[in-house]
Each structure stands twice: as C-alpha cells, then as structure tokens.
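Notes follow once the structure below has been shown.
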Amino acid sequence: METTKTKAPVFNARIDGNYGEFVLEPLERGFGVTLGNPLRRILLSSIPGTAVTSVYIEDVLHEFFTIPGVQEDAIQLILNLKELVVRFASPDSGPKTLTLRVSGPRVVHARDPVCPSAAEIVNTDQYIATVEAK
C-alpha cells in the first residue's frame with residue numbers, strides 16, 4: 001500500500017483598494033476548479049450594479065425603427081444608452097426611471113437626462129444622439 005504525503009494548504013491574501021488576490025495552494029488536480037467556480041459565482045452575484053434594462057421611445061414600434069429627426073436609429077440609440085454609467089446612493093432600492101426629452105437641433109449627451117434624486121450619471125460626456133429637427 002502506497003501512502004501519499006500531502007502538504008497542508010497555505011492561504012495567502014493581498015488586498016489593495018479595489019483589487020484582491022487570494023491564493024490557496026497546493027491543491028490536488030481538479031480541486032481548483034471545484035473551489036473556484038462557486039466562489040466566482042458568489043462574488044459576482046454579490047456585486048451591486050446598475051444598467052439600462054428597458055427603453056421606451058415615443059412612437060417607435062420596434063428596435064429596427066428609424067426615429068424621425070434623429071440621426072441614429074433605435075438600435076444605435078439603445079446601444080448608446082447602455083453605455084451610461086449610473087451610480088445610485090442605495091443600490092438595493094429597485095428600478096428607477098430616467099427621463100430624456102429633447103428638442104433639436106442639438107447633440108444629446110449623458111448629462112441631459114432628468115435623474116431621480118438618488119441617481120447620478122458618472123460619464124456625463126457620453127454621446128447619446130444627434131437631434132436634427134424638432
């Protein structure tokens with residue numbers, strides 16, 4: 001009968017601001033994946049964040065529609081809106097509505113939407129659209 005000597009796992013951590021590196025070694029073959037996947041899923045599900053989840057454009061029936069007086073079509077406009085970086089004072093407060101009403105001609109940026117008091121747009125110079133007519 002053959003005996004295998006295994007070393008006790010050693011845990012090292014290095015944390016700097018928004019970065020953390022955690023090393024647990026040595027592990028037998030396959031155990032890294034077994035431990036890593038659930039840990040990754042738990043960490044990703046615990047990160048609070050915001051994103052544009054729905055867009056309503058008056059008189060636009062579907063995403064392939066062209067918007068009268070706007071240089072971008074609906075798809076490009078939605079993609080530009082998805083680039084918004086929004087910060088909320090309380091991330092667990094549920095969905096919020098940002099309103100954007102524009103008359104042209106003008107260039108629309110991320111600083112133009114009306115935000116609720118708990119919301120702040122971080123990248124205010126983000127291009128959204130060019131309105132060519134009223």
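Each helix, a run of at least 4 DSSP H residues, gives -39500 (n - 2.57); summed and divided by the residues of the chain, these come to -5500 deg cm²/dmol at 222 nm. Note on the chain: Kirkwood radius taken over Cα pairs, Stokes-Einstein applied at 20 °C and 1.002 mPa s, translational D equal to 112 µm² s⁻¹. When only Cα pairs below 8 angstrom with a gap of at least 6 residues are kept, segment 40-134 shows a relative contact order of 31 percent. Between ASN123 and ASP59, the distance separating the two model label sites (each 7 Å from Cα on the Cα→Cβ line) works out to 3.0 nm.
Within the listed set GLY36, GLY49, GLY17, the residue fluctuating most in the Gaussian network model of the chain (springs between alpha-carbon atoms under 10 angstrom) is GLY17.
Every number here is computed from the coordinates shown, using simple stated rules; none is lab data. If you're wondering where the values come from, they're calculated on a predicted model, not measured in any experiment. Heads up, the Cβs are rebuilt from the backbone with ideal geometry, glycines too, and the neighbour counts pull from every protein chain shown.
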